[in-house]
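S.K.: What follows is a single structure, and I will ask about it in a moment.
What follows is calculated from the coordinates using simple rules that are stated; it is not laboratory data. Just so we're clear, the structure is a prediction, and the values are computed from it rather than from any experiment. Positions of Cβ are backbone-derived with ideal geometry, glycine not excepted, and every protein chain shown enters the neighbour counts.
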Number of protein chains: 2
Amino acid sequence: MVTKQDADLSRADSLAREIFSDVANKWAFLIIETLGDRTLRFSELRDAVEGISHKMLTQNLRMLERNGLVEREVHPTVPPRVEYTLTEPGQGLRATVDSMCGWTQRYLADIEAARGRFAR
Amino acid sequence: MVTKQDADLSRADSLAREIFSDVANKWAFLIIETLGDRTLRFSELRDAVEGISHKMLTQNLRMLERNGLVEREVHPTVPPRVEYTLTEPGQGLRATVDSMCGWTQRYLADIEAARGRFAR
DNA sequence: CCGTATCCCTATCGATACTG
DNA sequence: CAGTATCGATAGGGATACGG
């Protein structure tokens, strides 16, 4: 028999999985890392996140906004001015991204060595 | 002038970026989380990582192996038996993935709520 | 059992152009 | 300046088959 708890669990699981799929990608991580605790304009972000295209930036910002990880603030001036800031959940995820950055620094040499070995 | 240190830094940066691109994807994360501190066979992994295809699994395992995050052990029996285990750098990354899993659990409700709001 | 290769379709991505 | 839309090119990814 499938209980209500089971249903809730599997729903939570699939939601978690979905969030994972959304968020576990390099652009999202780089955007979150770049934002940090600052507030940045769209164009500032585009310049700061090396190699990201206009399209990828908007796409990922929408995704992050949809999941409530960034707040989007529109100043109805001309020209328009749109600013992005990490929300509290966003800051929480930032801790994860930070830990990955730390990991990368820590094991950079090991990884490079592993790559060298793998070439053979 | 571009000093040697500058060159080293930018090389380290681009390598770090490359590793980031490799590893910051959902399948890699799910594989790492699934492996944990266990040793699993290819087929066990495929069954354990929900929804992953044969192809994605091999592809990601090669990538992880190339970066020295998993160790691949081949038992030359018949039928063959191939086992995968996280290396020390792999375990390090696992901490990051764990932190992301914790984050997902923690903010699941907030995120769901944000999604509801965004629908409007 | 595990791995690679092939086919084939789809989603992704960059470039460009256009609107408010 | 910020955002959307469109269009090709290309990479991602599933299904399948076959080799070790």
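S.K.: Determine the shape class of the protein assembly as shown: with a ≥ b ≥ c the square roots of the Cα gyration tensor eigenvalues, call it rounded for a/c under 1.5, and otherwise prolate if a/b is greater than b/c, oblate otherwise.
M.R.: Oblate is the answer for the protein assembly as shown, as a/c is 1.5 or above yet b/c matches or exceeds a/b.
S.K.: Output the DSSP H helices from chain B with an along-axis C-alpha extent of no less than 20 Å and a mean Kyte-Doolittle hydropathy no less than -0.5.
M.R.: Counting only whole DSSP H runs, the qualifying helices are B:88-119.
S.K.: Oh, and also: For chain A, with the dipole built from +1 on Lys and Arg beta-carbon atoms and -1 on Asp and Glu ones, taken about the Cα centre, which of A:Ser99, A:Leu35, A:Leu57 lies farthest toward the positive end?
M.R.: Result: A:Leu57.
S.K.: Compute, for the protein assembly as shown, the length of the dipole vector about the Cα centre, with Cβ point charges of +1 (Lys, Arg) and -1 (Asp, Glu) only. Units Debye, rounded to 20.
M.R.: Magnitude of the dipole: close to 640 debye.
S.K.: Would you kindly work out, in nm and rounded to one decimal, the distances from the label point of A:Asp37 to those of the same position in each other copy, ordered shortest first, with label points 7 Å along Cα-to-Cβ?
M.R.: Copy-to-copy label distances for A:Asp37: 3.4 nm.
S.K.: Still on this model: For A:Arg81, place a label point 7 Å from Cα along the Cα-to-Cβ direction in every copy; what are the distances to the other copies, in nm, shortest first?
M.R.: Going from nearest to farthest copy, the values are 6.7 nm.
S.K.: Give, rounded to the nearest 20 debye, the magnitude of the charge dipole that chain A has about its Cα centre when Lys and Arg contribute +1 at Cβ and Asp and Glu contribute -1 at Cβ.
M.R.: Rounded to the nearest 20 debye, it is 420 debye.
S.K.: What per residue convex hull volume, in Å³, comes out for region B:4-119 when only alpha-carbon positions are used?
M.R.: 157
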